[in-house]
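Shown next, in structure tokens, is the structure this report addresses.
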Amino acid sequence: MTRIAIYPGSFDPVTRGHEDIIRRSTRLADRVIVAVAENIGKAPLFTIDERLAFLRTATADIPDVTVQAFDGLLADLARSVSASVVVRGLRAVSDFEYEFQMALMNRQLHADLETVFLVPGLELTFLSSSLVKEVARFGGDVTPFVHPEVRAALQAKFSA
Ligand code: PNS
């Protein structure tokens with residue numbers, strides 16, 4: 001049986017922390033679908049096409065990973081692609097409450113879908129897309145935190 005995992009998120013933009021979780025996910029599943037939410041509550045900095053393109057570039061060297069957009073419920077996407085696992089990254093205790101709620105809601109909506117939490121490398125635990133955007137907005141160096149293509153796009157966005 002082919003085990004398919006979904007790694008969902010906003011990825012606005014993808015960081016080295018996300019990349020680390022994607023790599024770790026491929027050890028648990030035969031195929032990992034990185035699912036990029038089209039509509040997120042907060043206004044995204046990058047369009048859905050930009051977020052998809054960054055992810056495709058950043059994961060180009062990782063086998064068995066595909067990237068796609070999704071709209072609507074994650075549980076419905078999981079059914080439509082026959083995924084049995086949802087992967088989420090856990091960085092700190094502060095992530096836990098939201099993640100716990102989301103995992104239980106997804107179980108309510110799709111009883112056979114299991115959520116697994118992966119912990120990124122220690123040096124990446126402080127990273128978030130929001131922090132990276134803030135550093136870039138004020139001219140800080142985000143080189144260690146994102147793929148060079150993402151860094152260039154951040155610089156272009158904030159120097160305009
Ligand atoms: O990177 P994020 O913003 O923490 O990702 C959140 C995301 C996109 C995974 C979550 O909001 C989601 O799954 N949205 C799809 C709508 C849905 O299924 N909601 C019910 C589950 S709580």
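The values are calculated or read from the model by the stated rules, or taken from the named source; none is laboratory data. Fair warning: this is a prediction, and the values are worked out from it, not measured in the lab. All Cβ positions, even for glycine, are placed from backbone atoms using ideal geometry, and neighbour counts span all protein chains on display. What goes into the accessible areas is simple: the full protein's heavy atoms, side chains included, and nothing from ligands, DNA or RNA. Shrake-Rupley method; radii C 1.70, N 1.55, O 1.52, S 1.80 Å.
Restricting attention to region 1-26 and to residues that are β-branched (Val, Ile, Thr) and in contact with a Pro (Cβ under 8 Å, 6 or more places away or on another chain), the residue that is farthest from ARG79 (Cα to Cα) turns out to be ILE21. Scanning region 79-88 for residues that are more than 9 Å from the ligand (Cβ to nearest atom) and either over 18 Å from PHE11 (Cβ atoms) or within 17 Å of the chain's Cα centre (by Cα) (or both) yields ARG79, SER80, SER82, ALA83, SER84, VAL85, VAL87. Considering (1) open to solvent by less than 10 Å² (accessible area, probe 1.4 Å); (2) touching a Gly at 6+ places or on another chain (Cβ under 6 Å), the lone condition that ASP20 does not fulfil carries the number (1).
In region 27-39, the residue that is surrounded by the fewest Cβ atoms within 10 Å (Cβ to Cβ) out of those that are under 21 Å from LEU73 (Cα atoms) and touching a strand residue (DSSP E or B) at 6+ places or on another chain (Cβ under 9 Å) is GLU38. Residues that are at pLDDT 95 or above and of a type in the set (Gly, Ala, Ser) within region 38-71 comprise ALA53, ALA58, ALA60, ALA69, listed in sequence order.
If you go through region 59-76 one residue at a time, how many are open to solvent by less than 20 Å² (accessible area, probe 1.4 Å) and over 17 Å from LEU118 (Cβ atoms)? Adding up the residues that qualify gives 2. Kindly indicate whether VAL142 is among the β-branched types (Val, Ile, Thr) and crowded, with 19+ Cβ neighbours inside 10 Å. The answer is yes for VAL142. Each residue in region 96-129 was checked for being surrounded by 12 or more Cβ atoms within 10 Å (Cβ to Cβ) and either under 15 Å from the mean Cα position of the chain (by Cα) or within 29 Å of LYS157 (Cβ to Cβ) (or both), and 15 of them qualify. Of the residues ALA156, ALA103, ALA69, ALA75, the single one that is within 12 Å of the ligand (Cβ to nearest atom), closer than 17 Å to PRO44 by Cβ and either touching a helix residue (DSSP H, G or I) at 6+ places or on another chain (Cβ under 7 Å) or free of Cβ contacts under 8 Å to residues at least 24 places away in the same chain (or both) is ALA69. So in region 47-58, with the set limited to residues that are open to solvent by 20 Å² or more (accessible area, probe 1.4 Å) and aliphatic (A, V, I, L, M), which one is nearest to the ligand (Cβ to nearest atom)? The residue in question is ILE48.
Tell me which residues, restricted to region 89-100, are within 12 Å of the ligand (Cβ to nearest atom) and either without any contact (Cβ under 8 Å) to a residue 40 or more places away in the chain or over 17 Å from GLY17 (Cα atoms) (or both). Result: LEU90, ASP95, TYR98, GLU99, PHE100.
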